[in-house]
1. From (1) among the small types (Gly, Ala, Ser); (2) on the phi < 0 side of the Ramachandran plot; (3) within 22 Å of the chain's Cα centre (by Cα); (4) at pLDDT below 90, pick out the condition that doesn't hold for Gly254.
2. Looking at (1) within 20 Å of His155 (Cβ to Cβ); (2) buried (at least 19 other Cβ atoms within 10 Å of the Cβ); (3) of a type outside the set (D, E, K, R); (4) modelled with pLDDT of 85 or more, which is the only condition Ala49 fails?
3. Any idea which residue in the range 30-66 is farthest from Pro275 (Cα to Cα), counting only those that are assigned to a helix (DSSP H, G or I) and of a type in the set (Ser, Thr, Tyr)?
4. Taking the condition of being surrounded by 14 or more Cβ atoms within 10 Å (Cβ to Cβ) and not β-branched (Val, Ile, Thr), how many residues in the range 174-200 meet it?
5. Which numbered condition trips up Ala91, out of (1) touching a Gly at 6+ places or on another chain (Cβ under 6 Å); (2) more than 18 Å from Gly129 (Cβ to Cβ); (3) in contact (Cβ under 8 Å) with a residue 24 or more places away in the chain?
6. Limited to the range 262-292, what total is found for residues that are in a helix (DSSP H, G or I) and surrounded by fewer than 18 Cβ atoms within 10 Å (Cβ to Cβ)?
7. Please work out which residue is modelled with the lowest pLDDT, limiting yourself to the range 264-283 and to residues that are under 19 Å from Met180 (Cβ atoms) and within 13 Å of the chain's Cα centre (by Cα).
8. Can Leu143 be described as surrounded by 18 or more Cβ atoms within 10 Å (Cβ to Cβ) and within 30 Å of Trp27 (Cβ to Cβ)?
Amino acid sequence: MSGATKARSSAERRVLDEAGGLRAMTWVMAIMLFLTMLAAALGLATAGAARLLDRQLAGRLTVQIVEGDPVRRDGAAARVLASLRAMPGVARAVPVDRADLTRLLQPWLGADGADPQLPVPAMIDVDLGDSGDAAAVRVAAALRRFGPAIRVDRHESWMSPVNDVMRTLTFLALALVLLMASATAAVVVLAARAGLETHRATIGVMHMLGSTDLQVARLFQRRIALDATIGGVGGGLAALLVVAFIGVRLHGLGSELLGGVTLGGTDWIALALLPVAFVVLATLAARVTIVRALRHIL
């Protein structure tokens, strides 16, 4: 029995060209999975950043008092602030310090930004208890009675272009993942067909000796699954290391926006499952291709 098993294993190696070491299929799978995991990490990170941005900006307003006369501006700002703090839907209303505004203007105005005669609008940061549109509309309507000098800006409207870009990148990353998966399946199909064509004569002999199509298909399927597993482990580990390195660098920038482009625990689990999905995809594609092709060989 042991001799028969060894003979069968030797025949399998000859059919599948295993003696030459790692086949090109292994490297192809490693490269494809590496690129796919990078695209998936980009999509997951940008999707998370977009959700974080939505939570941070929801229900936040900035009220501007645009008045050239400092006395009237400060008086109007005080009345608006008192009105905001008395509104039931407002959770917090805090005036923006003049020194903070000066620092914001300094890159454009230089030392002139500190001039007390400079007609800089007074600003009030507002956090609403309800993040819905209705609450923001009610606050804006209530402040109209203070005159045309009062302007209400929603933070969501300022950052909506950035949010749109992030969501576009998310969909682009998803499209790339699907494209790479399709390309991987196509590579497996081509490799399986090439292997069958190369070993057509050997497969014919195996058929004459009583081997079924499923038995022959199992040999190729096992070899392709092994190549996909080796390539998946190598490409997957390389991709995870690159993603972790980029995440550390982004976190070190200290930017609130870029700092949100990170992966959570669920995202890391999804990335870790991608190599498994690729091996399953390669195995199924190989099996279907080989079984169909064997029906037409003899």
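1. (2)
2. (4)
3. My answer is Thr46.
4. Matching residues across the range 174-200 total 12.
5. (2)
6. The number of residues fulfilling the criteria is 15.
7. Asp267
8. Taking the combined requirement at face value, the residue does not satisfy it.
The values are calculated or read from the model by the stated rules, or taken from the named source; none is laboratory data. What you see is a predicted model; the values in this text were computed from it and never measured. Cβ: placed from backbone, ideal geometry, glycine included. Neighbour counts: every protein chain shown.
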